[in-house]
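The values are calculated or read from the model by the stated rules, or taken from the named source; none is laboratory data. All values reported here derive from a predicted model rather than from experimental measurement. Ideal geometry is used to build each Cβ from the backbone, glycine not excepted, and the neighbour counts take in all protein chains shown. With ligands, DNA and RNA removed, areas are computed over all heavy atoms of the protein, side chains included. Shrake-Rupley method; radii C 1.70, N 1.55, O 1.52, S 1.80 Å.
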Amino acid sequence: MNLNNVAGIELTALSDVSAECIKQGLEATNDNPKAYEDYHDVLKDPNVDAVVIAVPNFLHKQIVIEALEAGKHIFCEKPVGISLDEYDEIEKHLEKTDRIFQVGFELRHADLYQTVKETIESGQLGEIGLMQCNVFRGPVLTSWRLDDSISGGLLMDLCLHHYDLMSWFTNARPKRVCGIRRKTLKEVFCDDSLLNIEFDNGMICSVTLTLCTKFEQEIELGIVGDRGILRSWHNAQSIKVVSENEPREKTIAVPVSEKEYGFSGARKQWEAFVGAISENKKPLNSLQNARNSLAMALAAQETLASGKPVEIN
Ligand SMILES: NC(=O)c1ccc[n+]([C@@H]2O[C@H](COP(=O)([O-])OP(=O)(O)OC[C@H]3O[C@@H](n4cnc5c(N)ncnc54)[C@H](O)[C@@H]3O)[C@@H](O)[C@H]2O)c1
């Protein structure tokens, strides 16, 4: 996480239970924050207007609620909690405040996916019936993510961004998922998996996740409408479209403004957080969006364990 040189952000305090992580945090910042071992001291600090919560997933809910009670604006990393009950509990607290609450779905802010969304909304692809998302990455061998009671499940932790994109592109809610998986290494939760998702607008999607590649990581999208097809590649920041209006394949220019973090949209999400607070406007990534993606992720884990379809209420 790099908050340096983001207009409107001054790092005034930081906290970690690990002294080594505090040291690294202090070395990484251009600001001069106070360092606390106990996050409660950050919440008590009157110089702190907003907090970023980026600790292992099972701790998020408690810290979010305490931060809201302390009157802080909140940026919380995904997932906001590890169960839908946790989201509902946070929602009750959020309803009582006017604080800004933004979730860390940075891909929504990435230039590539902003351009994909604009292309869909321009109507040139027509009505979207099918989406395909292929996620290629390497194994996760050591991390708190491998302990389901802390992470909520590795698949949930890793694929939430992609589930979120699928929902966001057409503002649809997931209804049903069905998947299969292949396990090749004992020490990881899920090596190769194929997930099919049906949405409430009739669209069907597939998410392919491999944790087996030793090569460059990639996210590929294929989006099929009744008037055109879009394909995109994350690493090349490339979008190609064929449509009734453009029968010969056309490359759509992505206005690349950010190269940090592999074009992830991270810097733009911080700018959006500052903007949401200063203009008191609803962030692009709300708790409700995050709840939809969590519901999809929990159902995905269930179907990949059982091989049976799972309905999402
Ligand atoms: N949006 C994204 O793309 C993205 C990417 C990576 C991680 N994340 C999320 O960010 C969160 C952190 O992940 P990470 O990869 O940075 O994990 P990490 O293990 O690298 O860092 C977690 C830090 O939290 C500290 N910590 C643990 N308990 C604490 C406590 N009670 N008080 C203060 N600090 C505490 C640990 O010492 C560690 O420094 C997770 O929720 C993860 O899902 C999101």
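Structure notes:
- Largest-first ordering by accessible area, 1.4 Å probe, given options TRP233, TRP168: TRP233, TRP168
- Relative contact order [Cα under 8 Å, 6+ residues apart], the chain, whole percent: 21
- Length-normalised contact order of the stretch 224-313 in % [C-alpha pairs under 8 Å, at least 6 apart]: 12
- Angle between the chain longest axis and helix 84-95 axis [Cα atoms, degrees, rounded to 10]: 60
- Highest GNM mean-square fluctuation among GLY129, GLY104, GLY152, for the chain modelled with Cα contacts below 10 Å: GLY129.
- Here the accessible area is traced with a 1.4 Å probe on the protein chains. For the chain, carbon and sulfur cover 50 percent of it.
- Largest-first ellipsoid semi-axes for the stretch 54-174, taking √(5λ) over the Cα gyration tensor eigenvalues, angstrom: 28, 21, 12
- Protection proxy ranking, peptides 30-38, 289-297, 248-256, average beta carbon neighbours within 10 Å, highest first: 289-297, 30-38, 248-256
- Top of LYS259, LYS78, LYS268 by mean-square fluctuation, Gaussian network on the chain, Cα under 10 Å: LYS259
- Seen against the Cα atoms of the chain and their longest principal axis, helix 111-122 is set at about 50 degrees.
- Most mobile listed residue (SER206, SER264, SER149) in the chain, GNM with C-alpha springs under 10 Å: SER149
- Relative contact order (%) - criterion: Cα under 8 Å, at least six apart; region: the stretch 10-155: 17
- Over the chain - Rg/Rh using Cα atoms and the Kirkwood inverse-distance radius: 0.97
- Axis angle, to the nearest 10 degrees, between helix 266-279 and the longest C-alpha principal axis of the chain: 60 degrees.
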